[in-house]
Amino acid sequence: MKGLFVTFEGIEGAGKSTQAKELYNYLKEQNPKVALTREPGGTDTGKKIREILLTPTEEVFPSLAELFLYEADRVLHVENKIKPLLEKGYIVISDRYIDSTLAYQGYARNIDKEVVKYLNKLATDNLTPDITFLIDIPVEEGLKRIREERGFDRIEQEDIDFHKKLREGFLKIAQEEKNRVVVIDGLNSPQEISAKIIKIFESRFKEYL
């Protein structure tokens with residue numbers, strides 16, 4: 001059986017990492033060939049890139065430099081981890097992928113969206129997820145959760161307008177790719193969200209259970 005590629009997306013504080021882990025834990029009980037990974041930082045070299053991207057700095061960090069670093073991380077991730085696992089028939093769950101780059105660097109940073117899409121295709125060798133769960137919450141709620149839990153990294157400390165553009169970007173992507181992207185209300189309880197995601201997964205991909 002061929003592998004299956006599942007991604008989780010959302011603004012800061014949406015709870016996507018929690019839900020990616022919940023789905024992983026559920027699937028692990030049904031199928032031993034399941035892997036959980038993330039972007040940036042899904043490989044050893046990628047972890048170093050992640051630290052550069054998320055550590056606050058007083059140095060000017062141009063948007064293009066940010067974009068290129070994310071894409072460099074993605075090439076390493078796809079070639080060293082995602083593709084090899086998919087070729088072995090694994091269900092691969094990734095916490096963030098191409099939609100994040102289009103939302104963050106395209107919609108929120110205002111880099112030409114066609115350029116971002118082209119670089120995404122180049123970096124992934126056109127590897128698209130089979131399904132994407134977009135956990136959607138209001139910006140204020142997401143930032144409130146982060147502030148209470150741990151404080152902000154370099155990206156999270158951007159102003160409120162940045163985060164609003166980000167959410168709008170994710171929702172536009174979902175609207176344009178309705179067959180792939182499933183929008184989930186992130187204001188429900190984690191248990192309710194997890195149950196809904198599992199139900200959708202079971203209905204679409206029961207052959208993997």
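Would you mind stating whether E58 is assigned to a helix (DSSP H, G or I), surrounded by fewer than 17 Cβ atoms within 10 Å (Cβ to Cβ) and of a type in the set (D, E)? Even if it seems obvious, please write down each step before you answer.
Working: assigned to a helix (DSSP H, G or I): no; surrounded by fewer than 17 Cβ atoms within 10 Å (Cβ to Cβ): yes; of a type in the set (D, E): yes.
No.
If you check every pair at least six apart or on different chains, which have Cβ atoms under 6 Å apart with a residue in region 177-195 that is over 14 Å from N25 (Cβ atoms) first and a residue that is of a type in the set (S, T, Y) and surrounded by 14 or more Cβ atoms within 10 Å (Cβ to Cβ) second?
Once the first residue is over 14 Å from N25 (Cβ atoms) and sits in region 177-195, its partners that are of a type in the set (S, T, Y) and surrounded by 14 or more Cβ atoms within 10 Å (Cβ to Cβ) give R180/T132; V181/T132.
Are any residues in region 42-55 part of a loop (DSSP other than H, G, I, E, B) and touching a residue at least 40 places away in the same chain (Cβ under 8 Å), and if so, which ones? Before the answer, list the steps.
In the first step, residues of region 42-55 are kept if they are part of a loop (DSSP other than H, G, I, E, B); the result is 42-43, 55.
Hits for region 42-55 are G42, T55.
Within region 91-106, does at least one residue satisfy the condition of being modelled with pLDDT of 95 or more, in contact with a strand residue (DSSP E or B) (Cβ under 8 Å, 6 or more places away or on another chain) and acidic (D, E)?
Yes, region 91-106 contains a residue that is modelled with pLDDT of 95 or more, in contact with a strand residue (DSSP E or B) (Cβ under 8 Å, 6 or more places away or on another chain) and acidic (D, E).
Keeping to region 3-41, report how many residues are farther than 24 Å from V139 by Cα, of a type in the set (G, A, S), in contact with a strand residue (DSSP E or B) (Cβ under 8 Å, 6 or more places away or on another chain) and assigned to a loop (DSSP other than H, G, I, E, B).
So the count comes out to 1.
Tell me which residues, restricted to region 40-63, are closer than 28 Å to M1 by Cβ and touching an Asp or Glu at 6+ places or on another chain (Cβ under 6 Å).
G46
Could you please give the count of residues in region 93-139 that are surrounded by fewer than 23 Cβ atoms within 10 Å (Cβ to Cβ), in contact with a Leu (Cβ under 7 Å, 6 or more places away or on another chain) and closer than 21 Å to E207 by Cβ?
Result for region 93-139: 1.
Spot the failing condition for S94; the list is (1) within 24 Å of R167 (Cα to Cα); (2) part of a helix (DSSP H, G or I), and only one is missed.
Against the list (1) within 24 Å of R167 (Cα to Cα); (2) part of a helix (DSSP H, G or I), S94 comes up short only on (2).
Being among the charged types (D, E, K, R), outside any loop (DSSP other than H, G, I, E, B) and more than 17 Å from the chain's Cα centre (by Cα), is that true of even one residue in region 108-120?
Looking for residues that are among the charged types (D, E, K, R), outside any loop (DSSP other than H, G, I, E, B) and more than 17 Å from the chain's Cα centre (by Cα), one finds at least one in region 108-120, hence yes.
The values are calculated or read from the model by the stated rules, or taken from the named source; none is laboratory data. Everything quoted here is computed from the prediction, not taken from an experiment. Every residue, glycine among them, receives a Cβ derived from its backbone with ideal geometry; neighbour counts consider all protein chains shown.
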